[in-house]
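*Asks:* Quick one: the structure is below, and I'll ask about it shortly.
The values are calculated or read from the model by the stated rules, or taken from the named source; none is laboratory data. Quantities reported herein were computed from a predicted structural model and do not represent experimental measurements. All Cβ positions, even for glycine, are placed from backbone atoms using ideal geometry, and neighbour counts span all protein chains on display. Accessible surface is based on the protein model in full, side chains and every heavy atom, while ligands, DNA and RNA are left aside. Shrake-Rupley method; radii C 1.70, N 1.55, O 1.52, S 1.80 Å.
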Amino acid sequence: MIVRSETDNPGDMELLNLPLLGMDSEAILADTIHYHSRMLGRRTIRRQEHFLYQALVHATRDRLMERWIETGNRLESSNGKRACYLSLEFLMGRLLRNALLNLDVTEAADQALERLGIELEDIHEQEHDAGLGNGGLGRLAACFLDSCATLGLPVRGYGIRYGYGMFRQRLENGRQMEEPDAWLREGYPWEIERIERARTIKFGGHVIRITDSMGHTHTDWVDTRDVLAIPFDLPIPGYQNDVVNTLRLWSAAATDEFDLEEFNAGSYGDAVAAKNEAENITMVLYPNAETENGRELRLKQQYFLASASLQDILHDWVSLNGPDFSEFADKHCFQLNDTHPAVAVPELMRLLMDEYGHNWNEAWSITTSTMAYTNHTLLPEALETWPVAMFETLLPRVLEIIFEINARFLSEVSHHWPGDLDILGRMSIIQETPEKMIRMAYLAIVGSFSVNGVAELHSRLLQQGLFKNFATLWPDKFNNKTNGVTQRRWLAACNPCLARLITRHIGSDWVTDLDLLEKLKPLADRADFQQEWSAVKQGNKDRLAANIEEKTGIVVDSASIFDVQVKRIHEYKRQLLNVLHAVHLYDRIQRGDGEDLPPRTIIIGGKAAPGYEMAKNIIKLINNVAAVINTDPSMNARLQLVFYPDYNVSGMELICPAADLSEQISTAGKEASGTGNMKFMMNGAVTIGTLDGANVEILEAVGEDNFFLFGLSVEEIPAMLQDYDPQSIIDADEDFSRVMRLLENGHFNRFEPHVLDDVIRAIRNPDDPWMTAADFRSFIDAQEFAGRAYQDQQRWLRMSILNTASSGRFSTDRTMRDYNNDIWQLETIPIKSP
Ligand code: 26V
C-alpha cells in the first residue's frame, strides 16, 4: 500500500509505507526471472551468461534500495554529525556475495538458483571486480565502508568512477603486459546515476576582485573551463542491520555551455575535443608509481573529487539549514585518505569564502575543525608534491589560498622557533628548490585537526621522523589508528567452511564481534578440532590448486605447504628475498640436501606499476626461476614456484583461505601497516615476517611461538647501512654464494642473456636501501624453522588455530570504533541488531 505525503518542500511528495519485498527464495526467484525477461528481454536462461547475474543483482538491489531509502530518512530526521571518507581509491571487488550475506539471503538466493539448475558460485564468477584502487590503501577504504555500515556509523564514501580501473595483468614470456580494465563494458547494475545532483567544477581561468557599493571586496574565479561532475551511488549494506550507507563516485562530463561556446565560434571539432578533454578526467585510475607523480591529469582528478564532494555537502547543508554555518563544523568531518584529496583543505576555504561569503577566520576555523588526515607511507619518495606552476594555470584561486595558508602558518612557526630561519624553509608548505613545489602532506597537516598513521610503529616513526617538527609544534594532533580488514568479506564470505566450523563451536557472534574468536583458544590442542580445522584448510587448498591450474596450467601439489606472498610488486616489499629463498631450496634439493624438506609450493602474485622497471624485472625473474624449478625432474615434487597472474581482490578471496605460510617480509620501517598480513592471519596462516608495520602488533597478539620472526629491526638498520657491504655478506655465506652463482651464471636465463642483470645486481649494491642481502641468512633460517614446524602437523595446526583466534584486534570494526571515538565522534544510526 503506497501513501503519499507532503514534505517540507512544497510540491514534493514522499512515498511512505512501501510494502517490503520478500526475502525468501520464492520471492527472489520471481524477481530474478522478472528482471531477466521483462527488463533484460532474454527468453532463455543460459549458464555462463551475464544476464542471469544482472537479473539477480537487480532483485538484490531492490531489497537494498528499500533499506537505503529508509537509512536516508533516518539520517535526515536525526540531523546528526556525519563523516565523509574522501579517497581517490575504493577497491571494492565484487559486491554480490557481500550484499547477499549482509541482507541474510545467501541461502535463499542459492535455493532460488538451484530451482533453475544453476549454482550461485557460477553467478558470482560473472561479476567483474570493481578495481578502483591500486592495493592496500584502496582496499582499506572498502573495508572501512563495510564496517561503518555494520556499526551504523553515518559515513559516506566519496570517490571517482574511473572508466578503467586497475589494469589487467597478462604474462608474455614471463613479462607483465597491461590491458585496460573495461569494467563498465557490460553495464554495472549496482550503481544509481543521480544526474540531479551534478556539480560544476572549475579549471583554468584567472582571479578578479570586485568591490561592491558597500566597499566589500569580493573574489571571483572567472573565464574558467568548466567540467560537470555527475554522481553515481553504490549501496553499502551493513551486516544484517537494515542500514545501507552510500559510496558516491563522481564521473566527469562536458558541460553544455562549454560545447556551445566553441560551437558558436564555428569550430565543431574543437567543441567535441573539449568534450573529450572533460571526460578524460575520470577515464583511468593511475597505477601508483613515482613516474606518475606530477601528472597534470592526476591533479585534475584530485581537485575534481575534492571540489565535487565538498560542493555536494555544502549544498545539502544550505538546503537544510539556510546560510547559517555556525553548526556546520559540529556536524561534519572529512577524513582524507592520504594526501591525494588534500586539495580539499584550500577548496573548502575557497567555497566558504568565495561562494558562501565567510571571512578568512570563519572559514579557517571550520576547515581546521573538520579536516582529518591519514598518512599511508613512510617512503619519502612517495610523498606527494605538485609544481606551483601547475596550480597557477589549473587552479589559480586555490593556489592563492594555499599561499595565504602558508604565510599564516609560517608566522606561527616563527613564533614557536624565534630566529630560526632554517626551520621556516624546512616546514614551509612550499618547497623552493629546485622548482617551487607544494608539499601536500604539510598542507594536509596544517589544515587538519587530526593526523594519524596506520599502525603503532608507523605512527611512531612519522612523529619521530618525517613529521617530527609538526609533532613538536602540535603534539596533540598526532595519533595512531591501526588498520584492519572486514571479517565479513575476509572470513565469513571467502572462507565459508572455516566460518561454519568456527560458528559450530563458538556461535556466530564473531561476525560482528571478532574478539570472540578468542574462544577458539581452548580448542587449539584438541585433536578432533585440529582434524576438522585441517580438513577445511585442505579443501581450500584444493580449491586454489584447481584455480591455479586453470589460470597457469601448473598442477600444484596441494599436500605441500602453501607459502604465499601476494601484494603489489615493490622493492621494499622484497619479493626478491623470497626468490632468493626459492633458489636456495632449489639448490639444496639439487645437491641432494633436500631429503628433510617438506614439499613446498611458493606462490607469488602482484602487479607492478607499468612505469616501474625494477618491479617488472622482478616479475620476469620470478617467472624465469619458476620455469626452471617446475620443469626440473630432480625437484621430485619437493618444490614448486607459481606466479599467480592478475592478482586482485577476487584472487585474494581464493588465496588467503588456502595459505599456510604468509610472507610479510618488507624491510623494517618501510611498510606502513600491511593488511594482507591480517587477512592471512584471520584465515589461519602463520606469518613469517619482519618487525614492520602491523606485523609488530600481529606478533604481539599471537606470541613469538606462533610467528616466524626474522630480520633487522628499524633501530638496527641505520648502523648496518653505515658500512653496508653485501659482497662480504655473500662471501661469508656458502648458501648465499651458491644462490648468487646460479643467478649470475645465467642459470635462469640461458637463452636470454642479461635480461636479469639489473635485478641481480641490486642485491650486491652497497647502496641497496632495501637491504636484501642483510636479511638473507636470518630469512633462510626462519624458513627452515617454519618448514620443520609444518612437518609436525599437530604443532602447526595449533599455531594456525591460535593465529585465527588472536586476530580479533584486526577487524575494521575495531578500527572504525577507534576513528569514531578519537576523531569523528558520530552518533550511530539507530540499527536493528543482527
Ligand atoms: C601513490 C600514488 C602516486 C601517484 C599515482 C597514484 C598513486 C596511488 C597511491 C599512492 C600511494 C599508495 C600508498 C599506499 O598504498 N599505502 C599502503 O596503505 C595501506 C593501507 O593503510 C598500508 O597497509 C600499506 O602498508 C601501505 O603501503
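*Asks:* Which one of LEU699, ILE717, SER673 has its Cα pushed farthest toward the positive end of the charge dipole of region 659-735, where Lys and Arg give +1 and Asp and Glu give -1 at the Cβ?
*Replies:* Of the candidates, SER673 comes out farthest on the positive side.
*Asks:* Something else now. Out of all DSSP beta bridges in the chain, what portion is antiparallel? Express it as a percent rounded to 5.
*Replies:* The antiparallel proportion sits near 45 percent.
*Asks:* Which pairs, out of LYS481/LYS670; LYS300/LYS551; LYS537/LYS567, put more than 27 Å between their alpha-carbon atoms?
*Replies:* LYS300/LYS551
*Asks:* Ranked highest first by the average count of other Cβ atoms within 10 Å around their residues, in what order do 727-735, 237-245 fall?
*Replies:* 237-245, 727-735
*Asks:* Projecting each Cα onto the charge dipole of region 18-164 (Lys/Arg +1, Asp/Glu -1 at the beta carbon, about the Cα centre), which of LEU86, MET65, GLN54 comes out farthest on the positive side?
*Replies:* Of the listed residues, the answer is LEU86.
*Asks:* Something else now. What ranking, highest mean first, results for peptides 570-580, 547-557, 272-282 when packing means the other Cβ atoms within 10 Å averaged over each residue?
*Replies:* In decreasing order of mean packing, 570-580, 547-557, 272-282 become 570-580, 272-282, 547-557.
*Asks:* Moving on. Grab the DSSP H runs of the chain that are 4 residues or longer, score each as -39,500 (n - 2.57), total them, divide by all residues and round the 222 nm result to the nearest 500 deg cm²/dmol.
*Replies:* Computed ellipticity for the chain at 222 nm equals -13500 deg cm²/dmol.
*Asks:* Let me ask you something else. Tell me which aspartates and glutamates have Cα within less than 19 Å of LYS620's Cα, excluding those fewer than 8 residues away on the same chain?
*Replies:* GLU172, GLU178, GLU179, GLU571, ASP632, ASP646, GLU744, GLU752, ASP757, ASP758
*Asks:* Rounded to the nearest 20 Debye, what is the dipole magnitude of region 494-581 about its Cα centre when Lys and Arg each give +1 and Asp and Glu each give -1 at the C-beta?
*Replies:* It comes to approximately 220 debye.
*Asks:* Then there is this: Using the Cα centre of region 403-504 as origin and beta-carbon charges of +1 (Lys, Arg) and -1 (Asp, Glu), tell me which of ILE445, SER428, HIS415 is placed farthest towards the positive end of the dipole.
*Replies:* ILE445
*Asks:* Under the rule of at least 5 residues apart or a separate chain, name every residue whose amide H is placed under 5 Å from the amide H of HIS332.
*Replies:* Those lying under 5 Å, H to H, from HIS332 are ARG82.
*Asks:* What shape does region 787-834 take by its C-alpha gyration tensor, where a ≥ b ≥ c are the square roots of the eigenvalues and a/c under 1.5 counts as rounded, a/b above b/c as prolate, and the rest as oblate?
*Replies:* It comes out prolate by the Cα gyration axes.
*Asks:* On the protein heavy atoms, probe 1.4 angstrom, tell me the percent of accessible surface of region 711-751 carried by carbon and sulfur.
*Replies:* Numbers: 1170 of 2400 Å².
Its accessible area is 49 percent carbon and sulfur atoms.
*Asks:* Straight distance only, please: which aspartates and glutamates reach the Cα of LYS331 with their own Cα at less than 16 Å, same-chain residues fewer than 8 apart left out?
*Replies:* Filter leaves GLU76, ASP312, ASP316, GLU362, ASP822, GLU827.
*Asks:* What chymotrypsin sites (Phe, Trp or Tyr not before Pro) does region 720-769 have in DSSP loop regions with at most 16 other beta carbons within 10 Å?
*Replies:* Qualifying residues, ordered by number: PHE751.
*Asks:* Assign unit charges at the C-beta atoms only (+1 for Lys and Arg, -1 for Asp and Glu), then state the dipole size of the chain relative to its Cα centre in Debye, rounded to the nearest 20.
*Replies:* 1220
*Asks:* Per 20 Å bin, what is the whole-percent P(r) computed from every C-alpha pair distance within the chain?
*Replies:* 14, 46, 33, 6, 0
*Asks:* Apply the Karplus parameterisation 6.51 cos²θ - 1.76 cosθ + 1.60, with θ equal to phi minus 60°, to every residue of region 203-216 and state each ³J(HN,Hα) to the nearest whole Hz, in sequence, with x for glycine and proline.
*Replies:* Karplus-based 3J(HN,Hα) across region 203-216 equals 9, x, x, 8, 10, 10, 10, 10, 9, 7, 5, 7, x, 7 Hz.
*Asks:* Report, in degrees rounded to the nearest 10, the 0 to 90 angle that the Cα long axis of helix 575-590 makes with the longest principal axis of the chain.
*Replies:* 10
*Asks:* With label points built 7 Å along Cα→Cβ from the Cα atoms of ARG197 and GLN531, find their separation and express it in nm.
*Replies:* Taking the two extended label points, one gets 5.5 nm.
*Asks:* What dipole magnitude, in Debye to the nearest 20, does region 315-469 give about its Cα centre under +1 on Lys/Arg Cβ and -1 on Asp/Glu Cβ?
*Replies:* With Lys and Arg at +1 and Asp and Glu at -1, about 340 debye.
*Asks:* Out of residues 5 or more away from ILE561 or on other chains, whose amide H comes under 5 Å of its own, with H placed 1.01 Å from N in the peptide plane?
*Replies:* Residues meeting the amide H criterion: ARG600, THR601.
*Asks:* Now for a separate question. Would you mind estimating how fast region 668-758 diffuses translationally, via Stokes-Einstein at 4 °C and 1.567 mPa s with the Kirkwood radius over Cα pairs, in µm²/s?
*Replies:* 81
*Asks:* Next question, about the same structure. Would you kindly state how much longer the chain becomes between ASP733 and THR217 on full extension, computed as 0.36 nm times their sequence separation minus their alpha carbon distance, in nm to one decimal?
*Replies:* My answer for the length gained is 178.4 nm.
*Asks:* LYS477: which lysines have alpha carbons under 16 Å from its alpha carbon, excluding same-chain residues fewer than 8 sequence positions away?
*Replies:* Counting by Cα, and skipping residues close in sequence, LYS477 has these lysines nearby: LYS468.
*Asks:* If you keep only loop residues by DSSP, which trypsin sites (Lys or Arg not before Pro) in region 38-134 have at most 12 other Cβ atoms within 10 Å of their Cβ?
*Replies:* In loop regions of region 38-134 (DSSP not H, G, I, E or B), the sparsely surrounded trypsin sites (Lys or Arg not before Pro) are ARG43, ARG46, ARG47.
*Asks:* To continue, here is another question. Evaluate the relative contact order of the chain (contact order divided by residue number), counting alpha-carbon pairs under 8 angstrom at least 6 apart; express in whole percent.
*Replies:* It comes to 13 percent, rounded to a whole number.
*Asks:* Step through the residues of region 708-714 one at a time and calculate ³J(HN,Hα) from phi using the Karplus curve (6.51 cos²θ - 1.76 cosθ + 1.60, θ = phi - 60°), rounding each to whole Hz and writing x for Gly and Pro.
*Replies:* Each residue of region 708-714 in turn: 9, 8, 8, x, 5, 8, 3 Hz.
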